Each structure stands twice: as C-alpha cells, then as structure tokens.
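One structure is given below, encoded as structure tokens.
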Amino acid sequence: METKLILKRESIDYINRNGETFDNMLLSEATNVSVKIKEILEKGNIYLLKNARKLIFYVVEQNDSELVAFANQEGIAWATHSLTLSLKLEWVQAIRRTLWQIINSIDEKQTIISGKKEYSELKKLINDRIDQFLNSFFLSYSHYKDEMINQQREMVEHLSVPIIPVSSILSVLPLIGVIDSYRIKIIEEKVLFDIAKSRIQTLVIDLSGIAMMEMDVISYFEKILAGISMMGCKAILTGMRPDLVKKMVHSGINFQQDAETRGTLQETLKRYL
C-alpha cells in the first residue's frame, strides 16, 4: 500500500515538474500521432497531451469511476469527428510505455519497489486500468458510431418516402425499390405523421416502382392502409404490378377494404385534378 502511495505521489509530481520532458517522451513513443497533434486539435478540439496527463492521474490514483467516464467521453469525441482508432490505440500504448519509464526512473533513484512480487502487483494494477480505459473507450466509440449510422439511415429512409402535395387536400407517395421490414415501419411513421400534420384527405400511393415485397411486408402494408382510413384519409393505390397482385390473391390479402385501386398514377391525377 505504501509503495502505491509513494509512486502515485512521485509520478504526479514528476509530470507536474517536468511537463515539457514528459510531452517529449510521449511524442517520441507515438511517432504517427505526434505529427497529427495539431490536426486532431483543430478537427475535434481534443488536447492529446493534456488528456494523456489526465489518464495517467486517474490510473495512478486508482480513480476507476472517473477513468471510465473519461473513456466514454473520449469515445464519443473520437467517433463524432471520425478520428481513426489506430491513432488512439497507438497513443494509449505510448502513454502506457511513458508511464512505466517514469515509474522505473523513480524506482531507480529511490528503490521504492521491493521484489518481483510487488512489481508484478503494481504492473497488474496499472496495466489493468489502462486496458479498462481502452475497453470502455472502444465500447463508447462503437455505440456512438452505431447510433450515428442508425440516425443517418433513418434520415435517408425518411427522404426515400417523399409525400408530394399536389393540392391542399391531395398528396402523392411514389414508392420505389425494395420495401423491407425496416423500411415499411418508416413508411408507416411518415405517412401517418404527414396525414395528421398536413391534413391530407386523399393520399395516392404509387407502387409501380416497387421491386419486391415479401409477405410479411404486404401484411404490414395492409395495416398501414387501415391506419390511413382510421385517420379519415382516403388511400388510392396505383401501379400495382402483376407479381404483387398474384402474391396477394394467393395469400388472401385484399387492399380494397381500406383503399381504392387504380391503373396508373397519371390517370388518377387527371381524374382528381
């Protein structure tokens, strides 16, 4: 216990008294990162040298809660600004090696560590915490990246559900491409929201651009039509492809309960305008 306390005090004191030396030691251990210090600062407002000291202080002080919180914060920052994980890994490993250089230097002068057992315990204590930082960082980075990807995908999917107002009461929804189980839920959310927001009385849904619709999606689409009807809006389907109609007929699904069906979008618009 006494050894840990002395090394904690001496390590922090060494870094505080020899800031420039510490920085140079660290940069010499991370050659790839050292040339990008300024770029990372400008891109993400991340002070690598300052943060290196913070990490070391949390490690030697055995401040696990602050260590994990700091790792999570760093993970979000690096994910937000799309900074590469290889640079982060190189930087943390450089911090690890630099800290051990400092510890060994202190021990050579004062002989604080007595024997291999005590050295092994100290090594485990320090390395485990640095590894804990890395694990928490990577989890935070990955989680935040996944959230960003999902948000971007949702945004793209919303843009791929273009409800076009044709008049004050009539709008058109042209659907194209593959409608999967994820996208059909986006369609449901966008359609019902826009009906309520824009007070759409008639919604023409053109299916001529649909490449494929599986049975579970067709069944879900039937429920969307029911929801449109419940909101007081009239649904008109146009451009239904033969393969889609055949699949519906053989499965016993009939859209006509909650929607009208017409031949083409052009014919339908001529009729209603």
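We did not get these values from a lab; they are worked out from the coordinates using the rules stated. For clarity, every value in this text was computed on a predicted model and none was experimentally measured. Positions of Cβ are generated from backbone atoms using ideal geometry, with glycine treated the same way; all protein chains shown enter the neighbour counts.
Give the percent of DSSP beta bridges with both residues in the chain that are antiparallel, rounded to the nearest 5. Don't jump to the answer; show the numbers that get you there.
Values: 2 of 20 bridges.
About 10 percent, rounded to the nearest 5.
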| query | How large is the helix-only mean residue ellipticity at 222 nm for the chain, computed as the sum of -39500 (n - 2.57) over DSSP H runs with n ≥ 4, divided by its residue count, in deg cm²/dmol to the nearest 500? | reply | -23500 deg cm²/dmol
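Which value, in debye to the nearest 20, describes the size of the charge dipole of region 164-272 about its Cα centre when Lys and Arg Cβ atoms bear +1, Asp and Glu Cβ atoms bear -1, and nothing else is charged?
280 debye
Checking understanding here: applying a Kyte-Doolittle mean of at least -0.5 and a length along the axis of at least 27 Å (C-alpha), which whole DSSP H helices in the chain pass? Could the numbers behind the result be given before it?
Working: long enough: 85-110 (38 Å, -0.24); 115-159 (66 Å, -0.94).
Span-like helices, by this rule, are 85-110.
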| Can you give the direction-averaged projected area of the convex hull of the alpha-carbon atoms in the chain, in nm²? | 21.7 nm²
| task | Could you work out the mean projected area of the convex hull around the alpha carbons of region 2-154, in square nanometres to one decimal? | result | 9.4 nm²
| note | Taking a ≥ b ≥ c as the square roots of the Cα gyration tensor eigenvalues, with a/c under 1.5 meaning rounded and otherwise prolate when a/b beats b/c or oblate if not, region 145-273 comes out oblate
| query | Where in region 159-244 are there trypsin sites (Lys or Arg not before Pro) that are in a DSSP coil and have at most 16 other Cβ atoms within 10 angstrom of their Cβ? | reply | Arg199
